[in-house]
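Have a look at the structure below before the remarks.
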Amino acid sequence: MLLCIALALSVLPAPRQFVCRDGFVRNPSVTVSRDATLPAEGYRLEVSSNGVEIAAADDAGAFYAVQTLKQLGAREGSGLTLPVVEIEDAPRFGWRGVLHDDVNNFFGKEAVKRLIDLMAAYKFNRLMWHLTGSKGYSVLALGKYPTFFVPKPGRSSRYTEEDVREVVAYARARHVEVVGELEMPAHSPLPKAFPEITCDGKGGSLCAGNEETYRVIEGVLDELIRLFPFEYFHIGGDEFFTRDTWKKCPKCRALMEREGLKDTKELQNRFQSRIFDYLASKGRKGIGWDELLDATNLTSSAAVMGWRSDEVNRKAVARGHACVMCRPYLDYPQGIPGDPYEYPKWSYAYARWTLERCYAFDPAAGVPKAALGRILGGQCANWSGTTETAEALDWKMWPRQCAVAEALWTDAGRKDWGDFLRRLKTHVERLRSQGVNCAPLGL
């Protein structure tokens with residue numbers, strides 16, 4: 001009985017309900033049925049002498065039940081032994097994401113597939129794939145727009161449209177949706193790819209007062225949303241520090257005067273709202289970074305991805321926006337003595353993202369009960385500017401990503417830091433056995 005309980009308690013993320021019975025079953029048969037009364041992505045499984053019975057709300061729920069079984073199972077030669085248990089489970093949040101950056105350093109599609117496999121095993125379901133940005137670079141080659149691929153100096157690595165389709169299909173087969181993006185107006189590849197739509201005509205800031213700018217953006221978006229079929233599409237919106245260029249641009253000034261815009265913040269809002277409206281016309285929902293909230297009249301259809309503080313979540317939902325909190329930055333130091341890997345120099349000025357801090361992550365922190373429905377969920381991120389190898393990527397993401405997985409899946413009242421650590425030791429061993437360069441617990 002104690003061994004059965006130990007195996008059941010190794011499940012990560014922790015399920016909502018589980019009951020251990022005495023005994024084990026070897027190589028049981030598995031039956032799957034639908035139960036519409038279960039929550040989305042939820043499942044119920046029972047292991048008994050009659051076999052394994054899975055009831056799920058949907059295909060995703062059945063998939064997650066199988067991931068739980070894989071964690072419960074003990075391999076003996078070619079056989080599989082499972083403890084006799086009953087488990088009922090469903091996620092706390094519908095958006096359980098990871099941001100993977102291929103622009104600052106390029107890892108390749110096999111590395112992305114490997115990440116997707118690990119995400120799926122721990123019940124993540126959103127991959128925000130960062131392919132454009134970082135001072136205007138892009139690692140995506142669009143056939144219709146050959147200038148769109150803007151490599152970093154000295155690098156030629158790229159993803160083709162065929163690569164993207166392959167990765168998106170691979171992810172969807174594992175119930176992971178890939179979030180496409182086109183950063184604008186800052187961090188965008190568009191000025192370098194299409195200098196004719198910039199204020200100076202030489203590749204500076206995108207010209208908000210030039211109608212040709214929107215024609216080009218809409219054409220590129222048409223290509224991108226064809227590659228990324230998920231309902232949300234990310235348009236950036238952060239760290240636009242060159243609004244003064246718009247003040248000096250005759251076309252931007254003329255537009256501001258014509259439409260009664262009092263400053264360049266209102267012009268940026270007008271620019272981004274038009275992009276959101278275009279995405280809506282194509283049946284897509286737009287999402288962008290929390291600087292979108294600087295505009296007082298941002299279209300209500302815009303979803304906000306918070307990254308600066310928990311406060312932006314509360315501000316976003318108070319104004320009626322759906323929100324995803326993107327807070328655990330796994331490229332930041334994790335508090336491991338003698339850590340051999342590099343982290344951004346500026347990150348040391350901020351609080352470290354320790355394993356415990358990742359576990360305490362809560363996208364709904366301080367959000368009024370009446371507004372909780374607008375919290376879609378959360379995600380962690382690894383910006384790869386100081387992550388140059390697959391080994392470094394593993395080290396920075398695991399096991400902290402396990403902590404984020406439980407923070408996003410498991411009900412807040414079920415979380416237990418001490419219990420998590422006990423279970424995590426088993427998973428660190430499993431990850432290492434799969435070739436993952438998993439960091440020590442750092443405690």
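General observations
- Accessible carbon and sulfur surface of the chain relative to its total accessible area, %, 1.4 Å: 51
- Taking all Cα pairs closer than 8 Å and separated by 6 or more residues, the relative contact order of the chain comes to 14 percent.
- Cα→Cβ-extended label distance, 7 Å offset, between residue 319 and residue 211, nm: 3.0
- For the range 276-374, averaging the sequence separation of C-alpha pairs within contact (under 8 Å, six or more residues apart) and dividing by the residue count gives a relative contact order of 22 percent.
- Largest GNM mean-square fluctuation across 36, 171, 371, computed for the chain with C-alpha springs under 10 Å, falls on 36.
- FRET efficiency, 1/(1 + (r/R0)^6) with R0 51 Å, evaluated for residue 37 and residue 244 via beta carbons: 0.35
- In the elastic network of the chain, a GNM with C-alpha springs shorter than 10 Å, the most mobile of 375, 235, 87 is 87.
- Solvent-accessible area per residue in the chain equals 41 Å², computed with a 1.4 angstrom probe and all protein chains kept.
- Using the Cβ of residue 21 as centre and a radius below 13 Å, the other residues enclosed give a net charge of -3, where K and R count +1 and D and E count -1.
- Fully extending the segment from residue 388 to residue 66, taken as 0.36 nm per residue of separation minus the present Cα-Cα distance, adds 112.5 nm.
- The angle separating the long axis of helix 109-121 from the principal Cα axis of greatest extent in the chain is about 50 degrees.
- Here, the range 227-379 is characterised by an Rg to Rh ratio of 1.04, where Rg is the alpha-carbon radius of gyration and Rh the Kirkwood radius.
- Label point 7 Å beyond Cα of residue 342 along Cβ direction - residues of the range 101-136 with amide nitrogen under 19 Å: 101-108, 134-135
- Label point of residue 262 set 7 angstrom out along Cα-Cβ; within the range 284-314, amide nitrogens under 16 Å from it belong to 294-298.
- Listed pairs 109/192; 285/415; 192/265; 369/415 exceeding 29 Å between Cα atoms: 285/415
- Cα long-axis angle, helix 59-72 against the chain (0 to 90 degrees, to the nearest 10): 50
- Considering only 73, 47, 87, and ranking their Cα positions along the charge dipole of the range 1-109 that arises from unit charges at the beta-carbon of Lys, Arg, Asp and Glu, the one farthest toward the positive end is 73.
- GNM on the chain, alpha-carbon springs under 10 angstrom: the most fluctuating residue among 179, 30, 11 is 30.
- Neighbour cut-off at most 10 other Cβ (10 Å), DSSP loop, GluC sites (Glu not before Pro), the range 42-128: none
- Annotation: extensible slack from residue 162 through residue 308 equals 49.1 nm (criterion: 0.36 nm per residue apart, minus Cα-Cα distance).
- Each principal axis of the chain carries a Cα extent, and these read 78, 46, 41 Å when sorted largest first.
- Magnitude of the charge dipole for the range 260-339, about its Cα centre and with charges confined to Cβ atoms of Lys, Arg (+1) and Asp, Glu (-1), is about 440 debye.
- Residues in the range 233-259 that a label on residue 297 would reach, taking backbone N under 16 Å of a point 7 Å out along Cα→Cβ: 255-259
- MRE, 222 nm, helices only [DSSP H, n ≥ 4, -39500 (n - 2.57), over the chain, to nearest 500]: -10500 deg cm²/dmol
The values are calculated or read from the model by the stated rules, or taken from the named source; none is laboratory data. Remember, predicted model here, so these are calculated numbers, not experimental data. Glycine gets a Cβ as well: all are built from the backbone with ideal geometry, and neighbour counts include every protein chain shown. Accessible surface areas use protein heavy atoms only, side chains included; no ligands, DNA or RNA. Shrake-Rupley method; radii C 1.70, N 1.55, O 1.52, S 1.80 Å.
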